[in-house]
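Engineer: My structure is below; once you've seen it, I'll send some questions.
The values are calculated or read from the model by the stated rules, or taken from the named source; none is laboratory data. The structure displayed is predicted, hence computed values, not measured ones. Cβ placement follows ideal geometry from the backbone for every residue including glycine, while neighbour counts extend to all protein chains displayed. Heavy atoms of the whole protein, side chains included, go into the accessibility calculation; ligands, DNA and RNA do not. Shrake-Rupley method; radii C 1.70, N 1.55, O 1.52, S 1.80 Å.
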Amino acid sequence: MEREQALQIVKPQLTEHRYQHTLGVMETAIKLAGKYGADIKKAELAAIFHDYAKFRPKDEMRQIIEEQKMPAILLEFNSELWHAPVGAYLAEKEAGIDDKEVLDAIRYHTSGRIGMSLLDKVIYLADYIEPGRHFPGVDEVRKMAEEDLDSALVQAMKNTIQFLMKKNQPVFPDTFNAYNSIVQNSGG
Ligand SMILES: Nc1ncnc2c1ncn2[C@@H]1O[C@H](COP(=O)(O)OP(=O)(O)O)[C@@H](O)[C@H]1O
Ligand SMILES: [Fe+2]
């Protein structure tokens, strides 16, 4: 699917602010894909659709998670996590995206997972560092992303886990698993 068509499908699903964020993720994902050797067209498409389900009603997302037999543990954690796997499902069902790598990058863009693909990493990181993001620590991760993809990713996950823990909020375990699997593989 071409960029313009994808953007036309996604735009009505989002607020203006979230659409601008999506454009930022798209530009950033294309740059990271070019730098680290991921497929640029897949990165573009996954970025455009990554927040496709962001504004679906909670009840609709809960129903999809149950009916599609997605991991039930999702329902025990913050509903903010749900739009990622539900977005992958709806991008396929409603927009006809059938590339498994693209769908997985959408599915894991919030939590990460064990053994993230290069495309998963590019989308996770692009979502974190796109130019519209302003939160403590983001500039450090932006700098790291110019040097090493895994180091930047680990720092982003660390920040997210610490942010949640500081607020005494539960941490969905896939993020710990993603963090461990990258740190163990990089030998650092
Ligand atoms: N492991 C986790 N456990 C619980 N919440 C998480 C976890 N990882 C991310 N989140 C939360 O999920 C929310 C959505 O994240 P994300 O999809 O990355 O951003 P966006 O708000 O742009 O869609 C954020 O509020 C984030 O703090
Ligand atoms: Fe998201």
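Engineer: In the stretch 104-118, how many residues are open to solvent by 10 Å² or more (accessible area, probe 1.4 Å), farther than 18 Å from Ile161 by Cβ and in contact with an Asp or Glu (Cβ under 7 Å, 6 or more places away or on another chain)?
Structural biologist: 2
Engineer: In the stretch 83-112, which residues are farther than 24 Å from Phe176 by Cβ and more than 16 Å from ligand 1 (Cβ to nearest atom)?
Structural biologist: Listed by number, the residues that qualify are Glu92, Lys93, Glu94, Ala95, Gly96, Ile97, Asp98, Asp99, Lys100, Val102.
Engineer: A further question on this structure: Could you tell me which residue of the stretch 170-188 is modelled with the lowest pLDDT, considering only residues that are more than 18 Å from Asp120 (Cα to Cα) and open to solvent by 40 Å² or more (accessible area, probe 1.4 Å)?
Structural biologist: Gly188
Engineer: Now, a different point. Which one of these does Gly34 not meet: (1) open to solvent by 30 Å² or more (accessible area, probe 1.4 Å); (2) within 27 Å of Asp148 (Cβ to Cβ); (3) assigned to a loop (DSSP other than H, G, I, E, B)?
Structural biologist: Going through (1) open to solvent by 30 Å² or more (accessible area, probe 1.4 Å); (2) within 27 Å of Asp148 (Cβ to Cβ); (3) assigned to a loop (DSSP other than H, G, I, E, B) one by one, Gly34 breaks only (3).
Engineer: Condition first: within 18 Å of the chain's Cα centre (by Cα), away from ligand 2 (no atom under 16 Å from the Cβ) and either of a type in the set (Lys, Arg) or at pLDDT 95 or above (or both). Can you find one or more residues in the stretch 19-27 that meet it?
Structural biologist: Within the stretch 19-27, one or more residues are within 18 Å of the chain's Cα centre (by Cα), away from ligand 2 (no atom under 16 Å from the Cβ) and either of a type in the set (Lys, Arg) or at pLDDT 95 or above (or both).
Engineer: Next question. Modelled with pLDDT of 95 or more, in a helix (DSSP H, G or I), within 13 Å of ligand 1 (Cβ to nearest atom) and over 30 Å from Tyr19 (Cβ atoms): does that describe Asn159?
Structural biologist: no
Engineer: Please tell me if Lys167 is near ligand 1 (Cβ under 10 Å from one of its atoms), surrounded by fewer than 16 Cβ atoms within 10 Å (Cβ to Cβ), of a type in the set (D, E, K, R) and closer than 28 Å to His17 by Cα.
Structural biologist: It is true that Lys167 is near ligand 1 (Cβ under 10 Å from one of its atoms), surrounded by fewer than 16 Cβ atoms within 10 Å (Cβ to Cβ), of a type in the set (D, E, K, R) and closer than 28 Å to His17 by Cα.
Engineer: Right, something else. Filter the stretch 1-25 down to the residues that are touching a residue at least 40 places away in the same chain (Cβ under 8 Å), of a type in the set (A, V, I, L, M, F, W, C) and part of a helix (DSSP H, G or I) and list them by number.
Structural biologist: Matches in the stretch 1-25: Ala6, Leu7, Ile9, Val10, Val25.
Engineer: Another question, if that's okay. Could you identify the single residue in Glu140, Glu147 that is touching a helix residue (DSSP H, G or I) at 6+ places or on another chain (Cβ under 7 Å) and open to solvent by 70 Å² or more (accessible area, probe 1.4 Å)?
Structural biologist: Going through Glu140, Glu147 in turn, just one is touching a helix residue (DSSP H, G or I) at 6+ places or on another chain (Cβ under 7 Å) and open to solvent by 70 Å² or more (accessible area, probe 1.4 Å): Glu140.
Engineer: Count, please, the residues in the stretch 38-59 that happen to be open to solvent by 60 Å² or more (accessible area, probe 1.4 Å) and either within 19 Å of Ile9 (Cβ to Cβ) or of a type outside the set (Val, Ile, Thr) (or both).
Structural biologist: 6
Engineer: If the requirement is being more than 17 Å from the chain's Cα centre (by Cα) and among the basic types (Lys, Arg), which of these qualifies: Lys143, Lys121?
Structural biologist: Lys143
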